[in-house]
1. From the set of residues in the range 263-275 that are in a strand (DSSP E or B) and in contact (Cβ under 8 Å) with a residue 24 or more places away in the chain, which is most open to solvent (accessible area, probe 1.4 Å)?
2. Which of the residues belonging to the range 98-156 are touching a strand residue (DSSP E or B) at 6+ places or on another chain (Cβ under 6 Å) and among the basic types (Lys, Arg)?
3. Looking at the range 612-658, what strands (runs of 3 or more DSSP E) fall wholly within it and have at least 1 residues that are open to solvent by 10 Å² or more (accessible area, probe 1.4 Å)?
4. Using beta carbons and a limit of 6 Å, which pairs, at least six apart or on different chains, have the first residue in the range 4-21 and closer than 18 Å to Lys98 by Cβ and the second one open to solvent by less than 20 Å² (accessible area, probe 1.4 Å) and among the polar types (S, T, N, Q)?
5. Just give me the residues in the range 718-746 being of a type in the set (Ser, Thr, Tyr) and closer than 30 Å to Leu260 by Cβ, in sequence order.
6. Return the only residue of Asp612, Asp583, Asp589 being out of contact with any helix residue (DSSP H, G or I) (no Cβ under 7 Å at 6 or more places or on another chain) and outside the structural domain of Ile505 (by TED's automatic domain parsing).
7. Which of the strands (runs of 3 or more DSSP E) found entirely inside the range 384-463 contain at least 2 residues meeting this: at pLDDT 95 or above, touching a Pro at 6+ places or on another chain (Cβ under 9 Å) and open to solvent by 10 Å² or more (accessible area, probe 1.4 Å)?
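The values are calculated or read from the model by the stated rules, or taken from the named source; none is laboratory data. Treat the numbers as computed from the prediction; the structure is a model and nothing was measured. Using ideal geometry, Cβ is built from the backbone for each residue, glycine included, and neighbour counts are taken over all protein chains shown. Just the protein is used for accessible areas: all its heavy atoms, side chains included, with ligands, DNA and RNA removed. Shrake-Rupley method; radii C 1.70, N 1.55, O 1.52, S 1.80 Å.
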Amino acid sequence: MADLVTLKIDDQEVSVPAGTLIVDAAKAIQNDIPVFCYHPKMDPVGMCRMCLVEVGTPRKDRETGEVIAEADGSPKIFYFPKLVTACTQPVSPGMAVKTNTKVVDDARKEVLEFLLTSHPLDCPICDKGGECPLQNLTMRHGPGNSRFLADEKKHLAKHVPLGDLIYLDRERCIQCARCVRFQEELVDDAVIGFKQRGRALQIVTLSEPGFDSKWSGNTTDICPVGALTTADFRFGARPWELQHSSSLCTECAVGCNTHLNTRRDGLSGDFVVKRVMPRQNEFVNEVWICDKGRFSHHFSTSPDRITVPMIRKNGKLQESSWDEALNLVADRVKDAQGSVSVIAGEVLANEDMRVLQQLANNAGGEAVAWPGVMGGAEQLAAVGAGVGTNFIDMGAGTAIVVIASDLDEEAPMWWMRVKQAADKMGATLDKSKATLIVANGRKTKLDRYANHSIRYAYGDEVNTMLALHHAANGDGAGLAADLAASDDETIKAAGQAISDAENVIVIYGREGLDYAGSSSLAQAAANMLIDGGNYGKPNNGLLGVLPKGNTGGAFALGIPAMADRAAAEVVGDAKVVIVAGADPVGDNDALPSGRFTVVSELFMTATAEMADVVLPAQSFVEREGSFTNSERRVQRFFPALPAKGQARPDWWAFGKIANAAGAMDKAPVAAGQIMQMLSKTAGAFSGIDYPALARVEEQWPDVGGEDKYYGGNAFKNTAGLGVQYATSAEQGVVPSKGDVAPLNSETGSLRAVATTLMYNRGTKIMKAQLLHPRLPEAHVEINANDAEKLGIADGDKVRVSVGDASAVVAANVNGKAPEGAVLVPQSLGTDVTFNGLKAATVVKA
């Protein structure tokens, strides 16, 4: 903790850490100094001059250096001759600040008067009306009239599409540069910038396609005027007309906290989500969300949703009642006499998974988690990141290792936060940087900030981790020298950095790895952390880049994974197959025929089309429940919209079935009831119930209040920060190292590497039309040398074959793929779906 500095602001004494800016010190005592350009997450620039205040410091005797005292003993204050920008001036001992004097008030009036000379008076039709900092501050501090003529206002274009998601009204822009600085400083996507000078200064896009960033929506949150708006919310509603619900992003396993604004649609008459906003949680997503999390919700109101139960009759699925469908399924489960297989998608809530687990176990069958491609559950439970871990706190003395993962695509929020820890831009008190070590078979965006970038041949992920362990801990690690020792100077330097670090976090992924491979990598990383004592405390331990929104819930509940087994192998001889929140058939993994198959889904997927009974599931915006993120943080979400048709939560449907089939004494009537029962178990959810998940605490920066000008439009978290459950090491169990199994991968002149893209062609995103311009065509990445040997040029159509599957896709020869490897993005609508590393052939189509 930095040393405290004591000062007075408007005669009120406050003590804050050294280096704190005046504007933040004032905020700490609820003295809101108005700002436009300043944001507490970014470096100050002092551009708008709205935060001008009077500042004085104790006068000192020039000879003795002693503070000169007034007659009453208080220090004599020397006030600076000019006003000072509170957003750029750090506090100092004994400083005195005046924020409400006449000279300060006059300065604010003049700043606002100048801003309004070129600002249109279109508040009645502006999307920002009702939550506009400029409007609010003008009412509070602005002049009653202007000395400038209205017809001399500068007129610029008003409906400029910066990209497919963001629109710009150039007349409304007050040139605070928040949007430009956010893109440059925080996410390193300098795809927008200023053009022209003076009153003609305007924002332009610098990329093709326009505003090509995964984070563009955040600029609309921090814009202090109505200059930037999202394509789906502009002219859609007034802030005071909106209803509010707290929720979670379900698109990846980070679990970003969100706030849903809803309203009845003027055309259809249905209630719809008008916008998704970030909800502050400094442990998870701070005050940001990525564009996929912001815009993908549109799938929930798609007309393609399944809204009624269906039963197959005479070879065709036909609508039925809930009672008929549930009774039929329950009877089949009873008749199966234990021959039941349940496939539970890792997109289901904790409550759904628990009920499905109980149904399977008590009916004599087994539940497995889909897709179940990520190993390491045991290691994460033992030496996962300690309770209280926060990327914000990682600086000098912390080493972050990221291996076998492209965080920018797989977990964008983690990418941003790891980047911040290593790059330390933004308005932070501690400018010291964490040491970042990135190991992958190819270069990723995170390498820009790495102190040590390690390149390995795909298939050597585990050996690289062993080499790092050996370099960090020496022979005392107990590793075989022929496996672990390395003459690679980069690995030696990275190992030394790990050895020197007080705190070590290892983030492992599964790029190029199957289930067994990711399990081995997790064990190798856990062994290194155990030998270094880097577990059981904050900012130390293991993190997995889990593939789905609630893979962590499946881990916590102990539901076994598919583990690269075919669906037919998992189902075996089961007479009844229940699939919820998963589409194995759509992922080219056929279910065995001749089984009574039940599917609970949002849409008519390929698996649902072949089912005997289809049950309409509620989406996350229509129900309540909880998810467990990759950091073992259990978090709650709330309903925002009425259910679509007759859709019901999965826990409700399968609780009714389990009860009727004799596999459950009583069907649950509320999601909270299921969590309450879980809280009484001895497992990961022990002691965790909905009241615990609802607890909040004071967070910094203080955003989401009435002063939208300070932190933007992110919402204050009043619904709960969630609970991060403890690892077994934190509960007193001494972790032990495990054996590391060697990797087995297919060989060949070309090997296909399964990769992940943030924008893919999954079921939900395909129903969110707004994001379709972001979806890439089906393609593979090929190294230039390999492409030359095969006679392939950039953009050519090629046939890629992996195992029995093949597809014609575009070839991208762009320098991303290492020689000998073909990067094959998954979920792009082709039949080439696999995990890990496989032999491949590529020929020109």
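1. At the first step, the residues of the range 263-275 found to be in a strand (DSSP E or B) are 263-264, 271-275.
Imposing the further condition that a residue be in contact (Cβ under 8 Å) with a residue 24 or more places away in the chain reduces the set to 263, 271-275.
Values: Arg263: 60, Phe271: 85, Val272: 26, Val273: 12, Lys274: 27, Arg275: 22 Å².
Among those residues, the one meeting the criterion is Phe271.
2. Lys98
3. Values: elements: 613-616, 625-628, 633-637.
It comes to 625-628, 633-637.
4. Close Cβ pairs (under 6 Å, with a partner that is open to solvent by less than 20 Å² (accessible area, probe 1.4 Å) and among the polar types (S, T, N, Q)) amount to Asp10/Thr99.
5. Of all residues in the range 718-746, those of a type in the set (Ser, Thr, Tyr) come to 718, 725, 727-728, 736, 745.
Answer for the range 718-746, where residues must be of a type in the set (Ser, Thr, Tyr) and closer than 30 Å to Leu260 by Cβ: Thr718, Tyr725.
6. Asp612
7. Values: elements: 398-403, 435-440, 452-455.
In the range 384-463, there are no strands (runs of 3 or more DSSP E) which contain 2 or more residues that are at pLDDT 95 or above, touching a Pro at 6+ places or on another chain (Cβ under 9 Å) and open to solvent by 10 Å² or more (accessible area, probe 1.4 Å).
Yes/no per residue for (1) touching a strand residue (DSSP E or B) at 6+ places or on another chain (Cβ under 7 Å); (2) part of a loop (DSSP other than H, G, I, E, B):
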residue: Ala325; (1), (2): yes, no
residue: Ala344; (1), (2): yes, no
residue: Val347; (1), (2): no, yes
residue: Gly364; (1), (2): yes, yes
residue: Val368; (1), (2): yes, no
